[in-house]
Amino acid sequence: DGKHVILEEVIMETEEKPKEAEQLGEDGEKSEAETHTDAGNATTQDSSISNGDDADDKQETVDLKIIWNKNKYDLKIPVDSTGAKLKESIHSLTGLPPAMQKVMYKGLLPEDKTLREIKITNGAKIMVVGSTINDVLAVNTPKEVIQQEVKADENKKEPLCRQKQHRKVLDKGKPDDIMPAIKGAKERLPTVPLSGMFNKSGGKVRLTFKLEQDQLWLGTKERTEKVPMGSIKNVVSEPIEGHEDYHMMAFQLGPTEASQYWVYWVPAQFVDAIKDTILGKWQYF
């Protein structure tokens, strides 16, 4: 009889095991989750991390690609950092102050949300738009900054007045009816048009400043071009060698230097006033 009992127990056990296996098969997902829970609550931790509730695990990081000004930067940052914190990190990388940054990831990035909440993942590309303080200063004080840049450029290359295209006009000599120049003086814009100068084809040109219309009129014998001052991107000038009381001056009418409109024999005393008027410095007084 004892043998029988033992045999029955063995048979029962072998019968129950398939049932357990079946159960595992049916509730596979559930049992897996349970197994994970037993193995150090791994699953629950994962789900709480993705919900941003787990305050203990602060150091999970994401690798981001920051793209600003056609440059790419790699940045590793904790995934629970806020948008504001990300801006500070971008500042360290690029020198672009947070206040000047517009940070884009599927739209404008909110400063108060964490990267986890915004669902930023490894390898995400973050676009940054913005200007450094220097860029902003260049917009606000164009004359000084542009002049420094132009001077730096001029040091690198031969004077403009020696370049062939300018030589061609300058070799014609000083126009007879040009306005008298006063070297070293600075005067306000004259109320009458500046006349008697040459353009690049050696034709006579006069400049009229229509301040009430915010326009510069470039007048030749054939026609008058009325240019809105706001559309002039830059004004460069250089004294004419041997006649330093007169300048050659270019108004950049388009995005590149190819669109410069050159005027020769501008009396030196008016150069600063012309630049200030066109580049907008007078608006700041």
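The residue pairs whose first member lies in segment 237-252 and is assigned by the TED database to the domain that holds GLU187, whose second member is crowded, with 19+ Cβ neighbours inside 10 Å and of a type in the set (D, E, K, R), and whose beta carbons are closer than 9 Å, counting only pairs six or more residues apart or on different chains, are SER237/LYS275; MET249/LYS275. Residues in segment 214-231 that are modelled with pLDDT of 90 or more and of a type in the set (A, V, I, L, M, F, W, C) were compared, and the one that is nearest to LYS200 (Cα to Cα) is LEU218.
Screening LYS85, LYS76, LYS106, LYS119 for residues that are surrounded by fewer than 18 Cβ atoms within 10 Å (Cβ to Cβ) and in a strand (DSSP E or B) leaves exactly one candidate, LYS76.
Let's see how each residue does on (1) within 20 Å of GLY196 (Cα to Cα); (2) out of contact with any strand residue (DSSP E or B) (no Cβ under 6 Å at 6 or more places or on another chain):
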{"residue": "GLY219", "(1), (2)": "yes, no"}
{"residue": "MET229", "(1), (2)": "no, no"}
{"residue": "SER237", "(1), (2)": "yes, no"}
{"residue": "GLU241", "(1), (2)": "yes, yes"}
{"residue": "PHE251", "(1), (2)": "yes, no"}
{"residue": "GLU257", "(1), (2)": "no, yes"}
{"residue": "ASP276", "(1), (2)": "no, yes"}
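Within segment 68-86, residues that are under 14 Å from VAL129 (Cβ atoms) sit with their Cβ atoms under 8 Å from residues that are part of a helix (DSSP H, G or I), at 6+ positions apart or across chains, in these pairs: TRP68/ILE90; TRP68/THR94; ASN69/THR94; ASN71/THR94. For segment 190-218, a residue qualifies if it is within 37 Å of the chain's Cα centre (by Cα), open to solvent by less than 70 Å² (accessible area, probe 1.4 Å) and not basic (Lys, Arg), and the qualifying residues are ASN199, LEU207, THR208, PHE209, ASP214, GLN215, LEU216, TRP217, LEU218. For segment 195-253, a tally of residues being part of a loop (DSSP other than H, G, I, E, B) and either in contact with a Leu (Cβ under 8 Å, 6 or more places away or on another chain) or not basic (Lys, Arg) (or both) returns 11. A single entry from VAL145, VAL128 fulfils the requirement of being surrounded by 14 or more Cβ atoms within 10 Å (Cβ to Cβ), at pLDDT 70 or above, not in a loop (DSSP other than H, G, I, E, B) and not assigned by the TED database to the domain that holds LYS204: VAL128.
Filtered by the rule that a residue be farther than 15 Å from THR191 by Cα and either assigned to a helix (DSSP H, G or I) or at pLDDT 85 or above (or both), segment 272-285 gives ASP272, LYS275, ASP276, ILE278, LEU279, LYS281, TRP282, GLN283, TYR284.
The values are calculated or read from the model by the stated rules, or taken from the named source; none is laboratory data. Quick caveat, the model's predicted, so the values are computed rather than measured. Methodologically, a virtual Cβ is constructed for each residue, glycine included, from the backbone with ideal geometry; neighbour enumeration extends over all protein chains shown. For the accessible areas, the whole protein counts, side chains as well, though only heavy atoms, and no ligand, DNA or RNA atoms are used. Shrake-Rupley method; radii C 1.70, N 1.55, O 1.52, S 1.80 Å.
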